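Some notes on the structure that comes next.
No lab work stands behind these numbers, since they all come straight from the coordinates. Note that the structure is predicted; figures quoted are calculated from it, not measured. Here the Cβ positions follow ideal geometry from the backbone for every residue, glycine too, while neighbour counts run over all protein chains shown.
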Amino acid sequence: MEEQSTINGEQLTINKMTSLYLVFDFGGSKLTAALTTDELLAKQRWLGHHREFSPLAATAVTDLKTIIRLGRKLLAETGVARATAVGVSFGGPVDYQTGTVRLSHHVPGWENMPLAETLAAEFGCPVIVDNDANAAALGEHRLGSGQGFDSLLYVTVSTGVGGGWILNGRPWRGHETMAGEIGHTVVDPAGPLCLCGKRGCVERLASGPYWAADYEAEQGRVRGLSGKRVAELAAQGDERARRILQRGARALGVGLGNAANLVNPRLFVLGGGVAKSGKLWWRTVRQSAREMALPEVHFEIVPAALADDAPLWGAAVLARMKAEG
Ligand SMILES: [Zn+2]
């Protein structure tokens with residue numbers, strides 16, 4: 001049976017041969033579900049897309065319920081009985097082989113959650129789960145700034161710092177699927193204490209919330225700042241903000257320069273809110289990476305193209321890979 005339909009402004013032919021990819025993104029504070037097909041994926045269009053904020057008191061159970069509800073809603077709206085495959089981007093470490101979440105730093109209750117198994121039982125199709133930075137790296141490689149490059153490190157710099165590798169044109173996850181943790185590489189062993197228990201990690205110096213915390217701790221009187229606000233103050237010429245921003249940018253640049261020496265990727269793609277901090281930040285990151293890398297090691301550092309949906313597009317590519325076996 002073939003059906004011509006217009007959904008979400010798209011003229012579509014949906015028949016038994018049409019592959020439908022249902023994708024989910026578990027972010028720290030946002031939950032997103034979207035649906036696409038092969039045809040739409042090539043055009044970077046969604047058949048449907050729903051996003052909800054995760055409440056402050058969220059747990060793994062409430063987040064999972066929300067995602068399942070959003071997924072069912074999408075399928076019902078498009079009149080699709082079943083997705084071909086489900087792709088999931090999860091904001092935390094994941095065992096890629098089994099689709100089990102190791103933990104979440106933002107939401108309690110995710111420890112050892114068999115996410116792929118749970119969603120497969122719910123949606124009756126194969127499910128693939130990856131860490132959000134790996135998913136975003138794949139998204140940028142297939143559809144964004146990394147198109148045509150066979151080696152890159154994608155780095156998201158926002159509330160945390162995460163990374164995902166593409167090597168020889170394919171995701172490289174490492175032997176325990178923990179590769180790409182550039183956020184917790186140490187650039188200053190005598191530096192301030194990081195959430196992970198070590199000192200002077202890239203994340204401790206380069207992520208937005210720590211900029212705000214450091215500014216508040218130094219200044220003494222201000223409260224309620226954000227990383228974005230510190231970047232704005234820096235752009236207005238505030239000396240303290242400029243110093244904190246440059247220290248963060250240098251820490252990231254050192255991490256990138258070290259990664260360049262170790263792996264020699266062609267490209268670094270930077271995404272996340274902090275990557276919107278302006279010219280001073282970009283110039284400092286590039287300069288410091290250049291200074292750290294050997295003169296014979298060449299690379300480019302470019303902004304991500306897919307913005308907030310990068311992990312979701314990556315999840316769609318993963319779902320397609322899963323469907324194709
Ligand atoms: Zn750390």
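Observations
- Number of residues in segment 204-241 that are under 17 Å from Lys276 (Cα atoms) and buried (at least 18 other Cβ atoms within 10 Å of the Cβ) equals 14.
- Output for segment 247-263, where each listed residue is touching a helix residue (DSSP H, G or I) at 6+ places or on another chain (Cβ under 8 Å) and either under 10 Å from Val285 (Cα atoms) or without any contact (Cβ under 8 Å) to a residue 24 or more places away in the chain (or both): Arg247, Gly248, Ala249, Arg250, Ala251, Leu252, Gly253, Val254, Gly255, Leu256, Gly257
- Selection count where residues are within 16 Å of the ligand (Cβ to nearest atom) and touching a helix residue (DSSP H, G or I) at 6+ places or on another chain (Cβ under 7 Å), scope segment 203-239: 10
- Considering only residues in segment 49-68 that are among the hydroxyl-bearing types (Ser, Thr, Tyr) and without any contact (Cβ under 8 Å) to a residue 40 or more places away in the chain, the one that is surrounded by the most Cβ atoms within 10 Å (Cβ to Cβ) turns out to be Thr66.
- Subset of segment 106-130 (residues that are surrounded by fewer than 21 Cβ atoms within 10 Å (Cβ to Cβ) and touching a Pro at 6+ places or on another chain (Cβ under 9 Å)): Ala120
- Which numbered condition Val263 fails, given (1) farther than 23 Å from Ala136 by Cβ; (2) surrounded by fewer than 20 Cβ atoms within 10 Å (Cβ to Cβ); (3) aliphatic (A, V, I, L, M): (1)
- Looking at segment 83-202, the strands (runs of 3 or more DSSP E) lying wholly inside it that each contain 3 or more residues that are within 16 Å of the ligand (Cβ to nearest atom) sit at 152-157, 161-167.
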